[in-house]
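K.L.:
Here it is, the structure, as structure tokens.
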Amino acid sequence: MKNNWQFFILIESLLFVYLIFQIFSTIPLMIAFVAGLVMSIWSLKNKFTKGYNNSFFLVLGGLLLVFVLLSTSSIWLMLIFAIFFFSIGGSQLFTNMKNKNFSNAPWKRKSLVVVETSSTTEKNGKRMKRPWIGNERIGNAIYEWDDINFSIFAGDTIIDLGNTLLPKDESFVVIRKGFGKTRILVPVGVGVMIEHSAIRGKISFEGDSYTLKNETVKMYSDQYEESIRKIKIITNVLIGDFEVIEV
């Protein structure tokens, strides 16, 4: 257990060094960080030495520091690694790594969720529980379409729209994910709009491929405006690749 904690501290220390490098290698972040730090220290110093209450500058400085930290990928990696260690059996995972035993690793706990209906179902008040961790495939068999909206911490996701009939006009797929790959299969002739955000990951669509680093990209299929059926795909991912394929 002691070695596990040493490993945890080592990784977090390396990520902290990377955090400092990211802040001071980007001029806008560096200026915002220094300004926030100066305002916070100045406000606290006046409060304790002179009795002045500069809560406005203290709050403003704190907001600047939080904004700078959340704008870096390293702070997200630190948070993910800490959650992984404390909440998902990270210490046991390190023991497995040492013994080369990955049978109980979180990414091995896969689950398969298939939505299948043969007649119209009631949509009002429908609730669907999804696992926080695990691979998932939607559309492995014929199913009735309903807009898709879910969040998942980690795992690969495949959504097959070829086994359903999309209604005319616009349909929506909204996915929020910590890390993992996402692939969506779209029938030929359906107009596609993608709005994808990622801290780190690759997006592929209609032969175009981009690597995102804390960026957002919006893409449209060539025949989007002329298409009778349209699908709007909105995804937010911390770390992971995203792909849309015509079938």
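The values are calculated or read from the model by the stated rules, or taken from the named source; none is laboratory data. Values in this document were obtained by computation on a predicted structure and should not be read as measured data. Neighbour counts are summed over all protein chains in view; Cβ atoms, including those assigned to glycine, are modelled from backbone coordinates with ideal geometry. When the accessible area is computed, the model is the full protein with side chains, heavy atoms only, and any ligands, DNA or RNA have been set aside. Shrake-Rupley method; radii C 1.70, N 1.55, O 1.52, S 1.80 Å.
K.L.:
So for Ser74, Ser209, Ser204, what's the accessible-area order with a 1.4 Å probe, most first?
P.N.:
From most accessible down to least: Ser209, Ser204, Ser74.
K.L.:
Continuing with this model, one more query. Through the Karplus equation 6.51 cos²θ - 1.76 cosθ + 1.60, θ set to phi - 60°, convert the phi angles of segment 206-222 into ³J(HN,Hα) values in whole Hz; use x for Gly and Pro.
P.N.:
6, x, 9, 9, 9, 9, 9, 10, 6, 9, 10, 10, 10, 9, 10, 6, 4
K.L.:
Aspartates and glutamates near Lys168 by alpha-carbon distance under 19 Å, same-chain residues fewer than 8 away left out - which ones?
P.N.:
Hits, sequence-local ones excluded: Glu144, Asp146, Asp147, Asp160, Asp222, Glu225, Glu226, Glu246.
K.L.:
I've got another one for you. For Lys177, Lys168, write out the residues from largest to smallest accessible area, computed with a 1.4 angstrom probe and no ligands counted.
P.N.:
If we order Lys177, Lys168 from most to least accessible, we get Lys168, Lys177.
K.L.:
Leaving out ligands and nucleic acids, note down the accessible area per residue over segment 138-214 with a 1.4 angstrom probe, in whole Å².
P.N.:
It amounts to 43 Å² per residue over segment 138-214.
K.L.:
Below 22 Å Cα-Cα, how many Lys pairs turn up in segment 170-247? Only count pairs eight or more apart in sequence, or on different chains, if you could.
P.N.:
Value for segment 170-247: 13.
K.L.:
Same structure again: Can you list the residues, at least 5 places off or on another chain, whose amide H is less than 5 Å from the amide H of Val174, using H built in the peptide plane?
P.N.:
Sorted by chain and number, the residues that satisfy this are Ile148, Asn149, Phe150, Ile234.
K.L.:
Test of understanding: what is the full-extension gain from Phe172 to Leu37, defined as 0.36 nm times their sequence separation minus their Cα-Cα distance?
P.N.:
Full extension from Phe172 to Leu37 adds 44.4 nm.
K.L.:
Positive end of the dipole of segment 120-247, charges at C-beta (+1 Lys, Arg; -1 Asp, Glu), about the Cα centre: which of Val244, Phe150, Met219 has its Cα farthest in that direction?
P.N.:
The Cα lying farthest towards the positive end belongs to Phe150.
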